[in-house]
Structures are given as structure tokens and as C-alpha cells.
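Below is one structure, written out as C-alpha cells; comments come after it.
The values are calculated or read from the model by the stated rules, or taken from the named source; none is laboratory data. Here the structure is a predicted model, which is why all the values come from computation and not from measurement. Methodologically, a virtual Cβ is constructed for each residue, glycine included, from the backbone with ideal geometry; neighbour enumeration extends over all protein chains shown.
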Amino acid sequence: MADAEDEIGQKWDRCFTDAILKFGGGVILGGVFSLFFFKRKKWPIIIGGSFGLGMAYSNCEEDINASIRQQKSKIC
């Protein structure tokens, strides 16, 4: 059982790292768009960060659900 718990823990760690990287990338990309195209408005930065977090959430959900499905198939 410890192996399954370790695997889930590692996936959570990867999810947090992925979320930080995608959020940062979205904020930077939004900042570039804000600076060059939208006369320094805040909304492109907010939307960029939100898209990054949304993508990270989707990836994490898929990764963790696949792990849970795999564990259930081993039990049966």
C-alpha cells in the first residue's frame, strides 16, 4: 500500500510544479500581450494566469484519475 501512496504523492508534487510553471507562463505571456497590444491593461495577465491554472488542473485530474483507475483494476 505504501507504493500506491508514494505514487499519488509524487503525482501531487508534479501537479503543483506543473501548476506553478503553467501559471507563470500564462502570466508572462499575458504580460507581453498587455504590454504590446492592450495598452497595459490587467485583464490579459489575469486571463493568461487563469488559462495556465486551468490547463494544469486538467492535466492533474487526468493523471490522478488514471492512477486511481489503475489501482482499482489491480484490486479486482
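Quick notes
- Summed over the range 21-49, the residues that are surrounded by fewer than 19 Cβ atoms within 10 Å (Cβ to Cβ) and within 10 Å of the chain's Cα centre (by Cα) give a count of 1.
- Failed item, numbered, when G49 is tested on (1) farther than 28 Å from K74 by Cα; (2) without any contact (Cβ under 8 Å) to a residue 24 or more places away in the chain; (3) part of a helix (DSSP H, G or I): (2)
- Considering residues of the range 59-76 that are of a type in the set (S, T, N, Q) and surrounded by fewer than 11 Cβ atoms within 10 Å (Cβ to Cβ) only, the residue farthest from D13 (Cα to Cα): S73
Okay, residues lined up against (1) among the aliphatic types (A, V, I, L, M); (2) in contact with a Cys (Cβ under 8 Å, 6 or more places away or on another chain); (3) without any contact (Cβ under 8 Å) to a residue 40 or more places away in the chain:
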| site | (1), (2), (3) |
| --- | --- |
| L21 | yes, no, yes |
| G26 | no, no, yes |
| G30 | no, no, yes |
| W43 | no, no, yes |
| L53 | yes, no, yes |
| C60 | no, yes, no |
| S67 | no, no, no |
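- Subset of the range 49-76 that is over 17 Å from G30 (Cα atoms) and among the small types (G, A, S) - its residue that is modelled with the highest pLDDT: S58
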